[in-house]
Structure formats: structure tokens, C-alpha cells
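Enquirer: Sending over a structure as C-alpha cells; questions will come in a sec.
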Amino acid sequence: MNELKKQELLESIQIYLSPLIVLYDGFPMSFLGVIQSHMEKKILIHRVKDALRQYMDKYEKPGLVLQSTTIYIRGITGGLYLTKDIEAPDLNSIIDDPESEQAKRAGAFVRSSVLMEIMSPDGDLYAKWADSFWDQGLQVDTCKFGDTGDE
């Protein structure tokens, strides 16, 4: 956390993660702390719903970029291993040229690789948190899909 403070990133991360830290027990990154713990619950819920709405479709650009970030972080921290027969896709193509064949290949790689996060040796922990997120979400507020306004 000292490095995040030094780079002046900690406060921004705390702001972005505050809805998950405040609303959800057991959030794996709650150790980072929260700045906005006294923000209205309604505002925090709106932020979670807005993020879900924006990133939930794993085939659309926002969702793919979010998933790509997971794979990118795994790669730069030394946790992603590819055999010599597998060429790493150009993740930037998802942003730069999302309709290209290169981006489609990268998207398929990302979607399949993200599943490894749950199936990793720590997979039980991640799967439990994912299940917990959805279960707790039902207690936090209702969730409706489609053209239902703010829900």
C-alpha cells in the first residue's frame, strides 16, 4: 500500500472500490480501506449497478477491456504462462480495432483465460467470493435487467 500511496493511486482505488468494500462482506480487497464509508447507501448501490450494467457483457468492448486487464495484470506479474506454441494475442487490438480478426482472437483468448482465475489453485477462494457477491447482491438491493430505467 505504501507504493500506491507514493504513486498517489491509493485514494482513487479506495474511491472506486468503496461500494464493494462497504456493501459486501468479505470483499477480497477490503484491506485497502475506504474513504467514502459514510456515502449514502443508495449512491453506493447505484455505482455498483452502473458498473455491472457497463461491464457485464463479456463480448462487448467495456467488458472485454475489464477482463483483458485481469489477464494483463496476471502477465506482468509473472503469473501467466504460455507454451512456445501459443502466441500471446495483441490485447490492445480490443481497444484500437475491436472489429478486427486480431481483436476477435484476443477476445476469445481473454474470455477463456479469465476462467482460469476461478479455476486456479486459489480458485475456491475466488469462486466463493463470486458466489458471495451475487448472493449478497440480492440482499443489498433488487436487480432487474432490460429497459427498466435505473434498476
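Taken together, the values in this text are just the output of simple stated rules run on the coordinates, not laboratory data. Since the model is a prediction, treat every value here as computed from it, not as a measurement. Ideal geometry is used to build each Cβ from the backbone, glycine not excepted, and the neighbour counts take in all protein chains shown.
Enquirer: Where does helix 101-119 land angle-wise versus the long Cα axis of the chain, in degrees 0 to 90, nearest 10?
Expert: The answer is roughly 60 degrees.
Enquirer: Sort 5, 84, 104 so the one with the fewest other Cβ atoms within 10 Å of its own Cβ comes first.
Expert: 84, 5, 104
Enquirer: Efficiency by 1/(1 + (r/R0)^6): what FRET value for residue 138 and residue 105, r their Cβ-Cβ distance, R0 = 35 Å, to the nearest 0.05?
Expert: In this case the efficiency is close to 0.45.
Enquirer: Under a no-solvent Debye model with one identical scatterer per Cα of the chain, what's log10 I(q)/I(0) at q = 0.09, 0.10, 0.14, 0.20 Å⁻¹?
Expert: For the requested q values the scattering log ratios are -0.36, -0.44, -0.87, -1.41.
Enquirer: Taking the Cα atoms only, what angle lies between the long axis of helix 123-140 and the longest principal axis of the chain, rounded to 10 degrees?
Expert: Once rounded, one gets 40 degrees.
Enquirer: State which entries of 84/128; 61/128; 61/84 exceed 31 angstrom in Cα-Cα distance in the structure shown.
Expert: 84/128
Enquirer: Something else about it: Hey, how much of the P(r) for region 56-145 falls beyond 20 Å, as a percent of Cα pairs?
Expert: Across region 56-145, Cα pairs with separations above 20 Å total 45 percent.
Enquirer: For residue 88 and residue 30 in one chain, what is 0.36 nm times their gap in residues minus the Cα-Cα distance, to one decimal in nm?
Expert: Length difference between fully extended and current span is 17.7 nm.
Enquirer: How tilted is helix 61-76 with respect to the longest principal axis of the chain? Cα atoms for both, answer in degrees (0 to 90, nearest 10).
Expert: Rounded to the nearest ten degrees, it is 70.
Enquirer: Could you put 16, 55, 24 in order, starting from the residue whose Cβ has the fewest other Cβ atoms within 10 Å?
Expert: Least crowded to most crowded, the residues run 16, 55, 24.
Enquirer: Quick one: order 140, 110 by neighbouring beta-carbon count within 10 Å, fewest to most.
Expert: Result, fewest neighbours first: 140, 110.
Enquirer: Next question, about the same structure. Rounded to the nearest 20 Debye, what is the dipole magnitude of region 56-145 about its Cα centre when Lys and Arg each give +1 and Asp and Glu each give -1 at the C-beta?
Expert: 60
Enquirer: For region 1-54, place one equal point scatterer on every Cα, skip the solvent, and apply the Debye formula. What is log10 of I(q)/I(0) at q = 0.20, 0.21, 0.28, 0.29 Å⁻¹?
Expert: -0.70, -0.76, -1.11, -1.15
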